[in-house]
Amino acid sequence: MIQSINLYCAPIWSLRFLDIVEQSQAYFYRKFLSLSRNVAGYLIRQEMGISQLQVKVWLQTILFIDRLMQLPDEVEHTRITRECFMSLAKLDEKYPNQVKFNWFTQFKTKLRELGIPNGWPLPQD
């Protein structure tokens with residue numbers, strides 16, 4: 001249940017808040033299992049056999065971007081979604097340090113932190 005709540009639309013909002021998402025998962029399991037606050041989150045995940053939520057967030061985000069790149073331009077609602085995404089990418093080129101308000105910039109920044117310097121390949125309009 002904690003995953004379904006925390007991961008609802010996670011590719012859009014959670015890249016800035018991955019630490020908080022992880023903390024909420026650990027908090028839930030500590031309360032559920034009546035554990036002390038001092039029990040480390042990694043121990044809880046290991047005992048419960050669950051992975052970090054940020055792994056699932058990354059997977060969902062990559063799949064979301066992949067779907068966006070494959071959207072056909074002919075259909076109105078998919079075209080608008082893709083145009084919004086491409087606008088964020090253009091804003092990232094113009095203002096690369098505006099991480100707080102640009103989802104695409106957040107994604108690229110996190111990729112760089114993971115050691116992927118070139119980011120995500122975008123199709124040319």
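Odds and ends about this structure:
- Gyration tensor verdict on the stretch 2-56 (Cα atoms; rounded if a/c is under 1.5, prolate if a/b is larger than b/c, oblate otherwise): prolate
- For the chain, hydrophobic long helices are taken as DSSP H runs at least 18 Å long by C-alpha position along their axis with mean Kyte-Doolittle hydropathy of -0.5 or more; these are 18-32, 53-70.
- The chain, relative contact order in percent, only Cα pairs under 8 angstrom and at least six apart counted: 22
- The count of lysine pairs in the stretch 1-119 with alpha-carbon distances below 25 Å, taking only pairs 8 or more places apart or on different chains, stands at 11.
- Cα-based equivalent ellipsoid of the chain: semi-axis lengths in Å, sorted from largest, via gyration tensor: 33, 16, 12
- When the convex hull of its Cα atoms is projected in every direction, mean area for the stretch 71-113 (nm²): 3.3
Rule-based calculations on the coordinates, nothing more; no lab input. Because the structure is a prediction, the values reported are computed rather than measured.
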